[in-house]
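Remarks on the structure that follows.
The values are calculated or read from the model by the stated rules, or taken from the named source; none is laboratory data. Quick caveat: nothing in here was measured; it's all calculated off a predicted structure. Please note: Cβ atoms are built from the backbone with ideal geometry, for glycine as well, and neighbour counts cover all protein chains shown. In case anyone asks, the SASA skips ligands and DNA or RNA and just uses the protein heavy atoms, side chains included. Shrake-Rupley method; radii C 1.70, N 1.55, O 1.52, S 1.80 Å.
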Amino acid sequence: MHPVTRSSPRLALRELAIEDVDAVFAIYSSPEATEHLSFEPRTRDQVAHIVARSIASAQEDPRIEYGLAVVERETNEVIGFGRLALDPHQQRAATFGFALRPDAWGVGYGLETVRLLLGLGFEDLGLHRIWGARSPINEASAKTMAAAGMVEEGTIREHIFKGGRWRDSVVHAILDHEWSG
């Protein structure tokens, strides 16, 4: 499916463009924004590669990865990055993740972003299961995924190596018949 365009009252998902590198860099270079993610802050070159890879993956057939800009509709400003990747180990399933600029936290944009990504997966792609993982201490993410109808399924022990040590991940998932849009 290309191009992706989904929107909520305040946000929209759209395909990334090369002009989005600086906006994504503002997120992925931030120690605060990446604190609970699976990686350390990225360099601008690393972000440029991520954006270029996302643009290229949008042209693949079949498409297996959706790296998308999260845009504030009122300002048309990129405030986040969302990703949905088909899971090759499960039928009709995908993993998802997202990151928002810290100045966009605390106003419900995380929940809107998760709902947009889940809508893409279930309504547009016909998936059966979507799952994501979070840092065990990221309570905001836990609340966001629960509010979107996702169920906490368990812990993947020592799943992420970051900051010189192993970290667990807590898995949340939702099934198509649990999705209410």
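For a paramagnetic label modelled on Gln91 (point 7 Å from Cα along Cα→Cβ), amide N atoms under 16 Å away belong, within the range 105-135, to 126-130.
Distance from the Cα centroid of the range 141-181 to that of the range 29-98 is 17 Å (rounded to whole angstrom). For the pair Ile137 and Asp61, what calculated FRET efficiency results from E = 1/(1 + (r/R0)^6), where r is the Cβ-Cβ distance and R0 = 45 Å, to the nearest 0.05? That pair, Asp61 with Ile137, gives E of 0.70.
Packing here is the average count of other Cβ atoms within 10 Å per residue, and on that basis the peptides 17-26, 38-47, highest first, run 17-26, 38-47. Using the Cα gyration tensor of the range 65-142, with a ≥ b ≥ c the square roots of its eigenvalues, what is the shape: rounded (a/c below 1.5), prolate (a/b larger than b/c) or oblate (neither)? It is oblate, given that a/c is not under 1.5 and a/b is not larger than b/c. Sorting 123-135, 100-112 by average packing, meaning the other beta carbons within 10 Å per residue, from highest down gives 123-135, 100-112. Here is how the number arises for the chain: DSSP H runs of 4 or more residues each give -39500 (n - 2.57), the sum is divided by the residue count, and the result at 222 nm is -7000 deg cm²/dmol. The fraction of accessible area contributed by carbon and sulfur in the chain is 51 percent, rounded to a whole number (1.4 Å probe; ligands and nucleic acids excluded).
The residues of the chain have, on average, 51 Å² of accessible surface per residue, using a 1.4 Å probe with all protein chains present.
A simple spin-label model places pseudo-atoms 7 Å from Cα toward Cβ; at Ala147 and Glu74 they are separated by 1.7 nm. On the principal axes of its alpha carbon atoms, the chain extends 39, 38, 33 Å, with the longest extent given first. Considering only the other residues whose Cβ falls under 11 Å of the Cβ of Ile27, what net charge follows from Lys and Arg at +1 and Asp and Glu at -1? After counting each charged neighbour, the total is -2.
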